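Enquirer: Handing you this structure, nothing more for now.
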Amino acid sequence: YTTLQAAMAGGEQVLKLLDTPPDVQDQPGAIDLPTVRGEITLEHVCFQYRPDLPQVLHDLCLTIPAGQTVALVGPTGAGKTSIGNLIARFYEVTSGAVLIDGIDVRTVTQASLHRQIGLVPQDSFLFSGSIADNIRFGDPQATLERVEQAARLANAHEFISGKPEGYQTKVQEGASNLSIGQRQLVCIARALLTDPRILILDEATSNVDSLTETLIQEALQALLQGRTAVVIAHRLSTIRRAGLICVIQDGRIVEQGKHEELIAQGGVYTGLYERLAGGAALTTEHMENIEENLSKDKGG
């Protein structure tokens, strides 16, 4: 009887959760988003997670040309991840608008929007099932040949094929039978398979060692090719390769430009970058030495 009462109480909470309407819903008459080039525009965007919480983003204006990689850098809590969430319309803007190719994301269906956006989060999540099933999650009808091709591009094929059951290896609860880096490579392969026009990478290399980071960086180069990418980055190599760097502080863009331009300004970006480099001099030679060491790590 006690067990039954506990189960009923738990079930009531589950049903209550299922009955809760989502905050983000398709508007009446929402259309499917046509195939996009990938230009992203933030027009005077303000955002707060709840009315009783402080505002996270303040009058944010930014245009990301189609095919460009933009790195968002700044201290923890500056609003970087919130920008990615708004582009994918996981949340609604408080005011202003997010446009993709000039189309307000609130006027299109969420399903059609998400089909053209790939997400590689910091904490990769793998579902129960085989590794192949996880890679083809965004396209369940994909053949094993396409799955393997995506895995090769993501530098994941080697570790997958080295397992006794290969692509049919079952992912255990919490993906405990895969390392953090291996999970991230599977997530990159998943994104490659769906061939999205827009990518959001949320600190995709922050929890891995230098050797795995090199593998992931190579995979990301294939993933970023010809796509619009918003990269929330803490690693030196990812930031420096971006076509545009935006420094976010207290929910505002305080600096933007290319790496060398921002270093020359000696402002907020320079301070952030020096901390990332461990206080080392931020010269081109210094960066080349870092990248050369990463290549040696991979070769060893």
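The values are calculated or read from the model by the stated rules, or taken from the named source; none is laboratory data. From a predicted model like this one, the values you see are computed outputs, not experimental measurements. As a convention, Cβ positions derive from the backbone with ideal geometry for all residues, glycine included, and neighbour counts pool all protein chains shown. Note: accessible area is taken over every heavy atom of the protein model, side chains too, but ligands, DNA and RNA are not part of it. Shrake-Rupley method; radii C 1.70, N 1.55, O 1.52, S 1.80 Å.
Enquirer: Shape call for the chain from the C-alpha gyration tensor, a ≥ b ≥ c root eigenvalues: rounded (a/c under 1.5), prolate (a/b greater than b/c) or oblate?
Expert: Oblate is the answer for the chain, as a/c is 1.5 or above yet b/c matches or exceeds a/b.
Enquirer: Add -39500 (n - 2.57) for each DSSP H run of 4 or more in the chain, then divide by its residues: what number comes out at 222 nm, to the nearest 500 deg cm²/dmol?
Expert: That comes out to -11500 deg cm²/dmol.
Enquirer: While we're looking at this one, here's another question. Using a probe of 1.4 angstrom, how much of the accessible area of the chain is carbon and sulfur, in percent? Display every interim value, and only then the final one.
Expert: Values: 7840 of 15170 Å².
Looking at the chain in its full context, I get 52 percent from C and S.
Enquirer: In nanometres, what is the gap between the two model label sites at Arg37 and Thr109, each 7 Å from Cα along Cα-to-Cβ?
Expert: Between Arg37 and Thr109, the label points sit 2.6 nm apart.
Enquirer: Another question about this same structure. Keeping every protein chain present and rolling a 1.4 Å probe, give me the accessible area per residue for the chain in Å². Mind showing how you got there, number by number?
Expert: Working: 15170 Å² over 300 residues.
Result: 51 Å² of accessible area for each residue.
Enquirer: Ignoring trypsin sites (Lys or Arg not before Pro) that are buried or in helix or strand per DSSP, and keeping those with at most 14 other beta carbon atoms within 10 Å, what is the longest stretch of the chain between them?
Expert: Result for the longest clean stretch: 38-257.
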